[in-house]
1. Please compute, for the alpha-carbon atoms of region 35-128, the extent along each of the three principal axes and give them in descending order in Å.
2. Could you tally the net charge around residue 23, taking each other residue with its Cβ under 10 Å from the Cβ of residue 23, Lys/Arg +1 and Asp/Glu -1?
3. What does the charge count near residue 5 come to, summing +1 for each Lys or Arg and -1 for each Asp or Glu among other residues with Cβ under 15 Å from its Cβ?
4. Let me check against my output: what whole-number percent is the relative contact order of region 2-138, with C-alpha pairs under 8 Å and at least 6 apart?
5. Picking from 100, 78, 62, whose Cα lies most toward the positive end of the charge dipole for region 2-138 (charges on Cβ: Lys, Arg +1; Asp, Glu -1)?
6. Among the lysines, which fall within straight-line cross-link reach of residue 119, defined as a Cα-Cα distance under 30 Å, with same-chain neighbours fewer than 8 residues apart omitted?
7. Among the lysines, select those whose C-alpha is under 20 Å from the C-alpha of residue 29, and discard any that sit fewer than 8 residues away in the same chain.
Amino acid sequence: MSRYLKEQKPLCRTVLADPMGSALYNWVKTGTLKSEGASAVTEGIGIGRVTANLEGSPIDDAVRIEDDEIVRTGYQLLHREGLFLGGTSGANVAAAVRVARELGPGNTVVTILCDGGHKYLSRFWSRDYLEQKGSSRTPTRQPAARSRREPGPPSLRRPARDALGAGRPRAGAPDPGHPDRARRGWLDGRPP
């Protein structure tokens with residue numbers, strides 16, 4: 001991805017998002033593969049080697065993201081945006097937010113939402129698992145802001161228009177704010 005972006009816009013800045021326990025952060029910063037700490041919530045991105053698709057990629061910087069920030073970001077994406085994603089996407093968005101704050105207004109930051117949450121029900125989306133692994137920020141329900149147009153409890157509202165420009169759910173579609181949402185697992189803001 002970074003190769004393509006640099007070909008299209010050579011002055012763009014590419015940043016690697018890396019969880020604790022992965023050696024890639026230090027590889028980008030110092031050139032040595034050295035792991036520090038451990039991640040309990042990410043699966044598959046905390047590696048200690050440079051893969052063939054990463055070798056030679058133009059990476060300008062790296063951001064290390066801790067588990068609590070990954071979890072908090074993942075749950076915010078679910079509650080605020082209606083995006084049910086995995087820990088890798090949580091790490092990517094957390095890193096993108098950090099980079100955007102560093103850059104300040106007037107800049108464009110792009111990231112990839114690369115994993116769905118359905119694969120991580122027993123780990124990233126399991127409150128018991130997170131507590132067992134010592135996450136100090138076990139997710140809690142975070143109500144969204146109440147819309148003037150939609151009556152009812154301020155929970156998990158779909159925006160009037162989603163990120164792709166699609167309208168509201170069709171008539172008869174499940175309403176995320178409906179009282180029976182607790183039967184539908186993660187939609188009530190608590191992992192199953």
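Bear in mind these aren't lab numbers, they're just calculated from the coordinates by the rules spelled out. Note that the structure is predicted; figures quoted are calculated from it, not measured. Virtual Cβ from ideal backbone geometry, glycine too; neighbours counted across all protein chains shown.
1. 38, 35, 22
2. Computed value for this residue: 0.
3. Working: positive: 3, 6, 9, 13; negative: 7, 60, 61.
It works out to a net charge of +1.
4. Worked out over region 2-138, it gives 22 percent.
5. 100
6. Output for residue 119: 34, 133.
7. 6
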